[in-house]
Amino acid sequence: MGKATTIQELGLQELLNTGLTAHDAKLLQIELKDAINGGFSSNPVEIWRQITSRMLLKPYYPHSLHRLVYNSVYANYDASVHGPPLYWFPSELDSLQTNLGRIMETHGPKLLGAAYQDPITSYKQFHKFSVQHPEVYWSIVLEKLSIRFHQPPRCILDTSDKSKHGGTWLPGSVLNIAECCLLSTNEEDAENEKVAIVWRDERYDHLDVNKMTLNELRRQVMLVANALKGLFSKGDPIAIDMPMTVTAVTIYLAIIYSGLVVVSIADSFASKEIATRLRVSKAKAIFTQDYIIRGGKKFPLYSRVVKATNCRVIVLPAIGENIDIQLRKQDISWEDFLSSAKNSPRPYNCGAVYQAADAVTNILFSSGTTGDPKAIPWTQISPIRGAADGWAHMDIQPGEVFSWPTNLGWVMGPILLYSCFLNGATIALYHGSPLGHGFGKFIQDAGVTILGTVPSLVKSWNSTGCMEGLDWTKIKLFATTGEASNVDDDLWLSSRAYYKPVLECCGGTELASSYIQGNLLQPQTFGAFSSPSMTTGFLILDDHGVPFPDDQPCVGEVGLFSIYMGATDRLLNADHEEIYFKGMPSYKGMQLRRHGDIIKRMIGDYYVVQGRADDTMNLGGIKTSSIEIERVCEQADVSIMETAAVSCQPANGGPELLAIFVVLKKGFNTEPDKLKMIFSKAIQRNLNPLFKVSFVRIAPEFPRTASNKLLRRVLRDQLKWYQSKGKGINIEETPNPDKSVTNIAI
């Protein structure tokens with residue numbers, strides 16, 4: 001590779017080579033020179049700040065141009081000295097208008113004393129205060145959310161019961177969290193005409209978005225709640241297995257409003273997985289649809305559900321008002337289900353069932369790649385934590401429009417719902433596939449201001465060019481979770497809205513939130529986290545369980561402080577103590593909580609989550625993570641769509657062997673032997689000169705869980721099988737073969 005071109009050396013021809021028009025290239029060249037000569041020519045961070053603050057890089061410019069300028073600015077930047085390169089910077093004025101900024105301005109001088117300066121400068125101090133005094137922080141934030149207690153708590157946190165690692169939150173309080181979602185956060189909302197939900201069906205992309213006001217949502221929830229009360233008793237578990245539609249959201253709220261418990265099941269599951277979740281949760285009934293309409297195709301759903309259970313199924317039509325399939329005798333159509341409530345004297349008036357704060361309202365499940373998935377109960381405190389993190393880190397304010405393509409079967413579904421309704425924002429739902437132009441047009445037409453993503457979805461948008469010609473400039477921030485981000489894909493995403501921040505989020509269903517996350521008060525860097533979430537404390541532990549010093553660059557397993565509002569204190573089908581606390585070290589008399597992530601803390605106090613502890617490998621006596629290797633390999637050649645790094649022990653012993661599974665971009669046909677050489681050089685240059693790639697496999701796609709998490713375990717099993725067969729194997733001989741593997745190099 002030749003020497004990288006710096007921003008000072010960037011010429012007109014190089015701008016033209018990206019596909020920029022001659023007029024735009026000449027204008028941009030002048031503007032870039034002006035930004036560089038603004039007194040910051042020796043500081044790449046300040047040059048990039050000038051370029052983005054002046055909005056020199058337009059969203060409609062070719063992505064290759066954005067990539068060229070970004071890489072040129074940081075061509076000679078040494079991340080090992082200065083920390084990761086920054087791309088977004090908070091402004092002093094805007095910081096004062098954020099949710100966190102406002103409470104810091106109000107309470108900071110009192111809580112931090114003379115040390116308080118402003119929201120940006122004092123963020124770390126305020127975060128540290130929130131960890132040390134969570135009861136003070138939560139007493140402030142609870143007043144900002146739409147939380148109305150039927151009976152207020154005796155205190156915020158009671159730690160007198162030493163058998164509870166995290167104490168008891170909001171003891172003595174009684175409420176109904178679904179009722180809180182139906183309350184207006186603004187008394188000035190005339191007759192509750194605030195828009196609560198906007199949505200569109202994918203086959204109607206040419207029409208205006210649909211809207212439902214808060215008052216209309218409340219009426220629909222009351223109707224469904226009345227119907228539920230006629231069939232079920234308080235505490236009954238009721239499952240939902242359907243796409244995240246307006247009706248699904250209504251059913252979710254109505255179940256909890258009625259004192260019942262939601263059982264969350266993703267609509268992508270096969271009958272076996274559905275049956276497991278219904279069995280573990282002891283569900284009394286399940287809501288589903290006759291079909292799923294996605295990407296213009298019709299997929300059966302009811303038939304999958306009935307193979308899984310004999311319990312009552314309430315069936316909704318995917319299209320129109322009537323289902324067009326034959327139901328079993330014990331099952332009931334949506335129309336018949338609602339008829340009893342509609343015929344009652346007061347169909348749209350139903351009282352909420354109030355319960356203690358620690359009452360279970362939702363049963364969610366872990367991915368469950370082996371054995372039964374963990375059944376994770378959410379109490380009424382869990383939604384408060386999720387919504388509060390959205391309030392603090394994503395700055396969700398009344399009037400925001402928030403979209404995140406997800407499902408009620410996964411943690412982001414309920415978190416999205418509560419983050420919107422408890423913060424007075426509008427939830428934006430697209431009834432269809434998020435992979436194409438139709439979804440992007442909905443984001444534009446609905447005026448979405450916060451867009452949540454997963455990295456593989458962004459990668460698809462970037463590689464297919466399906467979002468070209470759309471205006472996403474109303475978006476104030478993006479969020480991403482679920483897997484490791486790709487810097488180039490996030491560069492593309494951020495550039496769609498004049499370089500708004502892409503906030504990384506990492507947490508878990510059992511936490512009801514992210515333990516580490518970006519925010520709007522700290523500069524952001526692509527693919528990394530800037531801070532633990534508010535009130536969250538954690539340590540990074542070495543191989544012996546000893547914590548590294550604070551602020552020291554390091555790599556190790558994360559140990560969470562056990563005082564964590566919203567985190568589980570029980571599991572329905574597993575030993576909570578054994579899974580989360582057994583074997584974890586203590587810190588200042590407090591036993592740490594296991595989460596299982598390997599974290600890298602970099603210079604500047606930025607973090608990268610390097611995968612699960614079981615995704616690490618030992619190469620030549622050096623511990624490294626799959627994600628770290630994948631980051632390097634995905635930047636090594638233009639043909640690479642994504643990679644998965646796994647290792648296995650040789651049959652006759654010796655050091656672990658490194659294998660790279662590869663998905664190529666459309667139109668490329670690179671040979672595995674060539675990639676093997678390219679990957680080895682890139683890894684040796686960027687990570688460690690002793691690392692060597694032993695195997696390369698090419699596949700059109702990777703095995704994943706229904707929540708889109710990469711199944712490296714499956715790839716490891718395949719690698720062991722390949723090893724046992726040697727070169728020139730026949731894939732069809734593989735036990736449960738992955739037919740996606742089409743090429744092999746050893």
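The values are calculated or read from the model by the stated rules, or taken from the named source; none is laboratory data. All values reported here derive from a predicted model rather than from experimental measurement. No Cβ is skipped: glycine too gets one built from the backbone with ideal geometry, and neighbour counts run over all protein chains shown.
Of note:
- Residues in the stretch 560-595 that are of a type in the set (Lys, Arg) and in contact with a Leu (Cβ under 9 Å, 6 or more places away or on another chain): Arg593, Arg594.
- Highlighted here are the helices (runs of 4 or more DSSP H) found entirely within the stretch 2-103 that include at least 2 residues which are at pLDDT 95 or above: 12-16, 22-36, 44-53, 63-73, 92-95.
- Only residues that are part of a helix (DSSP H, G or I), touching a helix residue (DSSP H, G or I) at 6+ places or on another chain (Cβ under 7 Å) and in contact (Cβ under 8 Å) with a residue 40 or more places away in the chain were counted in the stretch 381-405, giving 6.
- Single match in Ile376, Ile384, Ile427, Ile415 (criterion: crowded, with 24+ Cβ neighbours inside 10 Å, among the aliphatic types (A, V, I, L, M), modelled with pLDDT of 95 or more and in contact with an Asp or Glu (Cβ under 7 Å, 6 or more places away or on another chain)): Ile376
- Residue match in the stretch 189-204 (condition: at pLDDT 95 or above, within 24 Å of Asp358 (Cβ to Cβ) and touching a strand residue (DSSP E or B) at 6+ places or on another chain (Cβ under 6 Å)): no
- Matching strands (runs of 3 or more DSSP E) fully within the stretch 563-636 where at least 1 residues are crowded, with 18+ Cβ neighbours inside 10 Å and not polar (S, T, N, Q): 593-601, 607-612, 616-619
- Flag if Gln355 is at pLDDT 95 or above, closer than 19 Å to Val224 by Cβ and not hydrophobic (A, V, I, L, M, F, W, C): yes
- Identity of the residue in the stretch 127-148, under 15 Å from Ala387 (Cβ atoms) and among the hydrophobic types (A, V, I, L, M, F, W, C), that ends up surrounded by the fewest Cβ atoms within 10 Å (Cβ to Cβ): Ile140
- Being surrounded by 20 or more Cβ atoms within 10 Å (Cβ to Cβ), under 29 Å from Trp378 (Cβ atoms) and under 26 Å from the mean Cα position of the chain (by Cα) is a condition met by at least one residue of the stretch 347-358.
- Test: residue in the stretch 435-445 that is surrounded by fewer than 23 Cβ atoms within 10 Å (Cβ to Cβ) and of a type in the set (Asp, Glu): yes
- Count of the stretch 269-314 residues which are surrounded by fewer than 20 Cβ atoms within 10 Å (Cβ to Cβ) and of a type in the set (Gly, Ala, Ser): 6
- Candidates Pro532, Pro455, Pro523: the one that is under 30 Å from Phe561 (Cα atoms) and modelled with pLDDT under 95 is Pro455.
- Restricting the stretch 523-538 to residues that are of a type in the set (S, T, N, Q) and surrounded by 23 or more Cβ atoms within 10 Å (Cβ to Cβ), the residue that is farthest from the chain's Cα centre (by Cα): Thr535
- Matching residues in the stretch 104-122 - criterion: being outside any helix (DSSP H, G or I), of a type in the set (Val, Ile, Thr) and without any contact (Cβ under 8 Å) to a residue 60 or more places away in the chain: Thr121
- Only residues that are farther than 19 Å from Val195 by Cα and assigned to a loop (DSSP other than H, G, I, E, B) were counted in the stretch 406-439, giving 11.
- Looking only at the stretch 632-662, residues that are charged (D, E, K, R) and at pLDDT below 75 come to 0 in all.
- Only one entry in Leu511, Leu520 is out of contact with any Lys or Arg (no Cβ under 6 Å at 6 or more places or on another chain), in the same structural domain as Ser433 (by TED's automatic domain parsing), buried (at least 21 other Cβ atoms within 10 Å of the Cβ) and over 27 Å from Leu710 (Cβ atoms), namely Leu520.
- Members of the stretch 222-240 that are touching a helix residue (DSSP H, G or I) at 6+ places or on another chain (Cβ under 7 Å) and in contact (Cβ under 8 Å) with a residue 40 or more places away in the chain: Leu223, Val224, Ala225, Asn226, Ala227, Gly230, Pro237, Ile238, Ala239, Ile240
- For the stretch 27-76, filtering for residues that are of a type in the set (Phe, Trp, Tyr) and over 30 Å from the mean Cα position of the chain (by Cα) leaves 1.
So that you can scan it fast, the table gives a plain yes or no per residue for (1) among the hydrophobic types (A, V, I, L, M, F, W, C); (2) part of a helix (DSSP H, G or I); (3) under 31 Å from the mean Cα position of the chain (by Cα):
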{"site": "Tyr137", "(1), (2), (3)": "no, yes, yes"}
{"site": "Pro171", "(1), (2), (3)": "no, no, yes"}
{"site": "Cys180", "(1), (2), (3)": "yes, yes, yes"}
{"site": "Ile197", "(1), (2), (3)": "yes, no, yes"}
{"site": "Lys211", "(1), (2), (3)": "no, no, yes"}
{"site": "Asn215", "(1), (2), (3)": "no, yes, yes"}
{"site": "Leu228", "(1), (2), (3)": "yes, yes, no"}
{"site": "Leu231", "(1), (2), (3)": "yes, no, no"}
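- Residues (outside any strand (DSSP E or B), among the charged types (D, E, K, R) and more than 26 Å from the chain's Cα centre (by Cα)) located in the stretch 273-325: Arg279, Lys282, Lys284, Asp290, Arg304, Lys307, Glu321, Asp324
- Restricting attention to the stretch 516-544, the residues that are hydroxyl-bearing (Ser, Thr, Tyr) and more than 18 Å from Asp389 (Cα to Cα) add up to 1.
- Residue selected from the stretch 75-110 under the condition hydrophobic (A, V, I, L, M, F, W, C) and in contact with a helix residue (DSSP H, G or I) (Cβ under 6 Å, 6 or more places away or on another chain), by the criterion nearest to Gln522 (Cα to Cα): Phe89
- Summed over the stretch 531-584, residues that are within 19 Å of Glu504 (Cα to Cα), out of contact with any Asp or Glu (no Cβ under 7 Å at 6 or more places or on another chain) and hydroxyl-bearing (Ser, Thr, Tyr) total 3.
- In a residue-by-residue description of the stretch 241-248, the property of being in a loop (DSSP other than H, G, I, E, B) and surrounded by fewer than 19 Cβ atoms within 10 Å (Cβ to Cβ) applies to no position.
- Residue list for the stretch 326-336, restricted to those being closer than 19 Å to Asn226 by Cα and assigned to a loop (DSSP other than H, G, I, E, B): Asp331
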